[in-house]
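Single-structure report; data block below.
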Amino acid sequence: MLSHNELKELYDFDLRASQRSFYEFHQSLRYYHGDQIDPVNLQTILERRQSPVIENIFKLIINKIIGYKAQSIAEIKVTGRQENDQPTALLINDILKVFSEDINYNKEIIKRDKSLIFGMGVCELWCEKDAEGDFFLSLKSIEPLSFLIDAYSEDLNALDARRFHKKLNMSFDEAKRVLKTTPYIKNQRNFDQRCILIESWIKEGENFARYIWQDEVLLSYEKKPFKNGMHPFIVSKFNIDEKGVWYGLFRDIKPLQDYINYSENKMMNMIGTLKAFFEEDSVFEVEQFIKDASLDNAVVKVRSGALRDNKLKFVEHHNDIATISAKANEKRNLAKMISGLNDEALGIANNRMSNDAISQRREAGLMGLQEYLNACDAMDRLIFKKAIDYISLYFTKKQVFQISDERVGQRYFSINENENNRIKVGKFDLSYKSQIKTQSNEEKLASWAEIIKSFSHDPNLMSQMMLLMLKDVQSTQAKDLLELITQKQNEAQNEGQSLENQLNLENMKLELEKKKAEILELKAKTKKYSSQGDLAHGVAINQSAQNSILLENPKTLEQKGNASMQKAGQDLR
């Protein structure tokens, strides 16, 4: 544990090492907000009774880059390295989705992106408890001017830093409640009392300890605030020079911005001025001539022959203005090149080209931002890696989450109910991949156009893909078209159902008639077979009676036999 004096010495040492970076960062903020003319030049311009002119190329470039980045906010997806790691990876992805869908997440990421392009982005990730005792992750972007890093740190992400300092300006009542002690008050007002606190994270052995202190006293000490022994900060620097000073895009743009502003103000002064040369004997009174000739609408009397003998000469600055204007345009183009953007990416191109050509040139114009985008991506990975570390350490009890799913809408999932949904992450179990979380409609349409071209041979699949595309594209026209297609499909489905119902009814009628016919046929056959049975029974009775008679009278049998023989011998032709 460090003493109060040791903490102050470390803080002052790191503060001195960061002074130049802070000055450059603060100056870049001034330029971004339009304060670009230094006091000496501003005084000169005002003495000329001229309005100062600035052309804020720096703000134009920064806004375009931040706007592009805001349209392409990325999120990290994890995948299991082995088959048995996949269930854990899917569960962690769902929890990370809850984290990235928080209302403050995008806002803090955009603040981080802006700070990073000015020189350094700092985020703080905490694992907090709600009123019900459930854990949740919260992300906050920290102002770089209130954050100090180890003076000996050389890594762009400060992974080699052994100490961090964060300066806090808190309400006295809030500080008293959080720290459970009474801090010193910075201001002596009777209302809105404030106190300045410094939160230092110092690596002691293998773990980071947390100190909260003021210039007067040490207020709090925690030996190991987090279970993993780490600090809550994620840092990314835009670039570091040979002296260890971190800086942003401003360092490269500032000289060009100053030249453009100087040129604009110089040209404004030259447009309304000229130089006059005259011989002393060509005017009556020198002072009066100078006073009268400097007016906009001047009628000045000179001596006879002064104009004829060319004793008066007026020199204008048109050639000089054209030269300065050309040089200023060169600096504008150079600023765009250094920033990595072209006119298409900046949205100021006015040449006539096809949509594909414009899209290709815009993509080419954004290639220069790759270094900045890589820095953002690396920082996102560190944020989500720390988040997964918190999840595996603190999310150990049964807990239910709600997320928005594109296919099923709102859905719920739980963790730690059984072994199948218990969070256990090993060091080498997961791999991290970044993907675009938000995308512009133009980029979505371009992607869908390429996909649809690849499957244009299948009309059935095309119709389904068109529906997916319209659902994906967020525009009023797409929504109206999707509603129209859905309405037509419902009408066709209703018509199909009506026709199917009619066919079913006819089939039922036919089936009923068939059954009736079969029943009638069975009845007829039954009647026929019954009649035949009765007839056979009658014949059998008659035959039995005749047989009885013949047995009783044999002579009758002989007579019948002779009669038959005689009949058989008759000629029947």
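The values are calculated or read from the model by the stated rules, or taken from the named source; none is laboratory data. Since we're looking at a predicted model, the values are computed, not measured. Glycine also receives a Cβ, built like all others from the backbone with ideal geometry; neighbour counts cover every protein chain displayed.
State the number of residues belonging to the stretch 237-269 that are under 28 Å from SER153 (Cβ atoms) and among the aromatic types (Phe, Trp, Tyr).
Selection size over the stretch 237-269: 4.
Search the stretch 215-248 for residues being of a type outside the set (Lys, Arg) and out of contact with any strand residue (DSSP E or B) (no Cβ under 9 Å at 6 or more places or on another chain), and hand back the single one that is modelled with the highest pLDDT.
VAL245
Tell me, which residue of the stretch 213-247 that is closer than 17 Å to LEU10 by Cα and part of a loop (DSSP other than H, G, I, E, B) is nearest to the chain's Cα centre (by Cα)?
GLN214
Write out, first by first residue and then by second, each pair whose Cβ atoms fall under 8 Å of each other, whose residues are 6+ apart or on separate chains, and whose first residue, in the stretch 124-146, is farther than 15 Å from TYR394 by Cβ while the second is of a type in the set (Val, Ile, Thr) and not in a strand (DSSP E or B).
These pairs meet every condition: LEU139/ILE109; LEU139/ILE383; SER141/ILE109.
Return yes when SER100 is small (Gly, Ala, Ser), surrounded by 15 or more Cβ atoms within 10 Å (Cβ to Cβ) and farther than 22 Å from PHE226 by Cβ and no when it is not.
Spelling it out, it is not the case that SER100 is small (Gly, Ala, Ser), surrounded by 15 or more Cβ atoms within 10 Å (Cβ to Cβ) and farther than 22 Å from PHE226 by Cβ.
Consider only pairs whose beta carbons are under 7 Å apart and that are at least six residues apart or on different chains; among these, list those whose first residue lies in the stretch 312-327 and is within 29 Å of VAL283 (Cα to Cα) and modelled with pLDDT of 75 or more and whose second residue is assigned to a helix (DSSP H, G or I) and not aliphatic (A, V, I, L, M).
Going by the 7 Å Cβ cut-off, the qualifying pairs are LEU312/SER282.
Consider only pairs whose beta carbons are under 9 Å apart and that are at least six residues apart or on different chains; among these, list those whose first residue lies in the stretch 369-395 and is in contact (Cβ under 8 Å) with a residue 60 or more places away in the chain and whose second residue is of a type in the set (Ser, Thr, Tyr) and surrounded by 21 or more Cβ atoms within 10 Å (Cβ to Cβ).
LEU369/SER339; ALA375/SER236; CYS376/SER236; ALA378/SER236; MET379/SER236; LEU382/SER236; PHE384/SER100
Pick out the one residue from ILE271, ILE240, ILE260 that is in contact with a Phe, Trp or Tyr (Cβ under 7 Å, 6 or more places away or on another chain), closer than 27 Å to ARG332 by Cα and among the aliphatic types (A, V, I, L, M).
Going through ILE271, ILE240, ILE260 in turn, the sole match is ILE240.
Output the number of residues of the stretch 21-41 satisfying the condition of being of a type in the set (Ser, Thr, Tyr) and within 14 Å of ILE260 (Cα to Cα). Please lay out each step first, then the result.
Here is the first cut: in the stretch 21-41, the ones of a type in the set (Ser, Thr, Tyr) are 21, 23, 28, 31-32.
Adding the requirement that they be within 14 Å of ILE260 (Cα to Cα) leaves 31.
Summing the residues that are of a type in the set (Ser, Thr, Tyr) and within 14 Å of ILE260 (Cα to Cα) in the stretch 21-41 gives 1.
Report whether or not SER138 is modelled with pLDDT under 95 and either aliphatic (A, V, I, L, M) or buried (at least 16 other Cβ atoms within 10 Å of the Cβ) (or both).
no
Of the numbered conditions (1) closer than 30 Å to PHE208 by Cβ; (2) surrounded by 15 or more Cβ atoms within 10 Å (Cβ to Cβ), ILE45 satisfies every one except a single condition; which is it?
Failed condition: (1).
Check LYS227, LYS223 and return the single one that is of a type in the set (D, E, K, R) and within 23 Å of PHE384 (Cβ to Cβ).
LYS227
Could you check the stretch 313-334 and list, in sequence order, the residues that are touching a helix residue (DSSP H, G or I) at 6+ places or on another chain (Cβ under 6 Å) and outside any helix (DSSP H, G or I)?
HIS317, the sole residue that qualifies.
Among ASP14, ASP94, ASP113, which is the only one that is more than 27 Å from SER339 (Cα to Cα), of a type in the set (D, E, K, R) and under 27 Å from the mean Cα position of the chain (by Cα)?
ASP94
Residue check: is ARG210 more than 23 Å from ILE338 (Cβ to Cβ) and not in a strand (DSSP E or B)?
no
Among the numbered criteria (1) closer than 19 Å to ILE271 by Cα; (2) surrounded by 11 or more Cβ atoms within 10 Å (Cβ to Cβ); (3) more than 60 Å from the chain's Cα centre (by Cα); (4) of a type outside the set (S, T, N, Q), which single criterion is violated by ARG303?
(1)
Take ASN157 and decide whether it is modelled with pLDDT of 90 or more and closer than 30 Å to LYS64 by Cα. Quick ask: steps written out before the conclusion?
Numbers: modelled with pLDDT of 90 or more: yes; closer than 30 Å to LYS64 by Cα: yes.
So ASN157 passes the test.
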